[in-house]
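Presented below is the structure to which this report refers.
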Amino acid sequence: MNYLRPKNLTELTRTLSDASAATQFVAGGTDVLVESRQPYFSKPQTLIDLSRVDELKSISETNGLIRIGAMATHSEIIAQPLIQRQAPLLAQACAEIGSQQIRNRGTLGGNICNASPCADTVPPLLALDAQVEVLNEQGLRRVAMQEFFVKPYQTVLQKNEVLTAVYFPPLPDGYGSAFYKLGRRKALAISRINMAAVLKTNHHGIIEEVRLAPGSVFPVWKRVAAAERFLTGKKITDQNFMQAGQITAQEMIKISGRRWSTPYKEPVVAALVKRVLLMAAGLEEQ
Amino acid sequence: MITVSLTINKKEYTCEIDPQTTLLELLREHLGLTGTKRGCEIGECGACTVIMDGLTVNSCLVPAFQADGSDITTIEGIASNGKLHPVQEAFLEYDAVHCGFCTPGMVLSAVNLLDNNPQPSQEDIRRALAGNLCRCTGYQQIFDAVQAASKKMKSKR
């Protein structure tokens, strides 16, 4: 087995020319090492360790966009004042991932590229209108977060491509946001359903802009355009938020059909949409 | 085979390993440091917790090559000069050890918490230890021990 340890983007780009289906990129290791012990896992011929590539680690703000390097860990994102201030829903989501030990190693890029339908960082990034940056031999390109996922556990990344960073505009003043995670227990749980919302209201309590991104609800990640359209121009009330929840649940059934979990998920998705919108509006649930 | 050099409990080691080796395997199989326990191997139980460059990690999920150049503390490095760490003393005093399998990981998570947050609240303690499972004690004795160790360490400063 070959082991490659590029130290910068130039070296990383060079390793991509030989990358194949038998190449395994290793970020924080928290998903891939679990996978590697499964019977179906085919042993890679080459391991590319991303942990020493300096450019992938930093968190910064340039030209009005926040950039988080793909190798930033959940703990680093939580601790970053820039994120706490300008994208608090992402910090909240990172804080609810796994355990301290997992957050210290697991990376944002790894969470996105693993492409689990319940990945906790994806709904906040969708609600933040994020783009991801992809590196291949030709150079860097950006892809909208909504276009990045093909199906559960599969992204648009080709064998010789790697995710290098995430970009999004900081939340402007007056925008509320929230992340809510429903797990089987409080800590160290994989999300059953998660939700992120960004909400802007005017001083009459009328919704000017809303972005709603649920996780584990649709087979491929997306925002709920129908619910967003319904809410825009409406007042922030329990009833309107509940109706947005019902629209989301109907959308889920329209796409996935009625499945074994639907009797549970239909009312729960609706209630969680209402809850996350109330949280984003800074209101308590009645 | 690849070469990995790292510091473990203030001692330097250089090892020739297969690239698929985990930090846990490096510690237990290559170096005989069996105080670090192998539990679930999927990052849920925390029995394999060690401190790596000041942060707790599940050593079962750290590829050994990522530990190259790092500074590791295992349970074998917590007592100094034959004297137990206040966290270890408190675990004994509060009956926070039953079968003992989770204890090394628990102690490392607790020591790391107190290093960063010398006077944690109950909530801080619960959060810091959420990645360490114990099937014997029901946790209360462990939380009490960590609180007691925090007080003891404060009075010594």
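The values are calculated or read from the model by the stated rules, or taken from the named source; none is laboratory data. This is a predicted model, so every value here is computed, not measured. So basically every Cβ, Gly included, is an ideal-geometry build from the backbone, and we count neighbours across all protein chains shown. Ligands, DNA and RNA are stripped out before the accessible areas are found, and what is left, the full protein with its side chains, is counted by its heavy atoms. Shrake-Rupley method; radii C 1.70, N 1.55, O 1.52, S 1.80 Å.
Worth pointing out:
- Computed from the C-beta positions of B:Leu84 and A:Gln154 and an R0 of 60 Å, the FRET efficiency is 0.75 to the nearest 0.05.
- Working from label points 7 Å from Cα in the Cα-to-Cβ sense, the A:Lys254 to A:Ala189 distance is 3.0 nm.
- Accessible-area value, A:Arg142, 1.4 Å probe, nucleic acids and ligands omitted, Å²: 110 Å²
- Among the chymotrypsin sites (Phe, Trp or Tyr not before Pro) found in the stretch A:92-177, those both in a DSSP coil and sparsely packed, with 14 or fewer other Cβ atoms within 10 Å of their Cβ, are A:Tyr153.
- Value of Rg to Rh for the stretch A:175-280 (Rh from inverse mean 1/r over Cα pairs, i.e. Kirkwood): 0.97
- Stokes-Einstein D for chain A, Kirkwood Rh over Cα pairs, 4 °C, 1.567 mPa s (µm²/s): 66 µm²/s
- The HN-Hα couplings worked out from phi for the stretch A:59-70 by the Karplus form 6.51 cos²θ - 1.76 cosθ + 1.60 (θ = phi - 60°) are 10, 8, 10, 9, 6, x, 10, 8, 10, 10, x, 4 Hz, whole numbers, x standing for Gly and Pro.
- Membrane-span-like helices in chain B (whole DSSP H runs, Cα extent of at least 15 Å along the helix axis, mean Kyte-Doolittle hydropathy of at least -0.5): B:103-116.
- Rg followed by Dmax, in Å, when the stretch B:86-155 is reduced to its Cα trace: 10.6, 32
- Shape category assigned to the stretch A:220-284 from the gyration tensor of Cα positions, a/c cut at 1.5: prolate
- Projecting label points 7 angstrom from Cα along Cα→Cβ for A:Ala22 and A:Ile206 puts them 6.4 nm apart.
- Measuring spread by the Cα atoms of the stretch B:1-62 yields a radius of gyration and Dmax of 11.2, 30 Å.
- The GNM of chain A, with springs linking C-alpha atoms under 10 angstrom apart, assigns the highest mean-square fluctuation among A:Ala93, A:Ala270, A:Ala196 to A:Ala270.
- Cα-based shape type of the stretch A:142-202, given that a ≥ b ≥ c are square roots of the gyration tensor eigenvalues and the cut on a/c is 1.5: oblate
- For the set A:His203, A:His74, solvent exposure ranked by accessible area (probe 1.4 Å, protein chains only) runs largest to smallest as A:His203, A:His74.
- Distance between the pseudo-spin-label points of B:Thr7 and B:Cys99 (7 Å out from Cα toward the beta carbon): 3.6 nm.
- According to the calculation over all Cα-Cα pairs in chain B, the P(r) per 5 Å bin from zero is 2, 10, 19, 22, 19, 13, 8, 4, 1, 0 %.
- In the protein assembly as shown, helices alone account for a calculated mean residue ellipticity at 222 nm of -9500 deg cm²/dmol, with every DSSP H run of four or more residues adding -39,500 (n - 2.57).
- Within the stretch A:87-173, the GluC sites (Glu not before Pro) that combine a DSSP coil assignment with at most 13 other C-beta atoms in a 10 angstrom radius are A:Glu137.
- Its Cα centre serving as origin, the protein assembly as shown has a Cβ charge dipole (Lys and Arg +1, Asp and Glu -1) of approximately 980 debye.
- For the stretch A:115-227, dividing the convex hull volume of the Cα atoms by the residue count gives 125 Å³ per residue.
- Sum of side-chain charges, A:Asn114 neighbourhood, beta-carbon under 14 Å (Lys, Arg +1; Asp, Glu -1): -1
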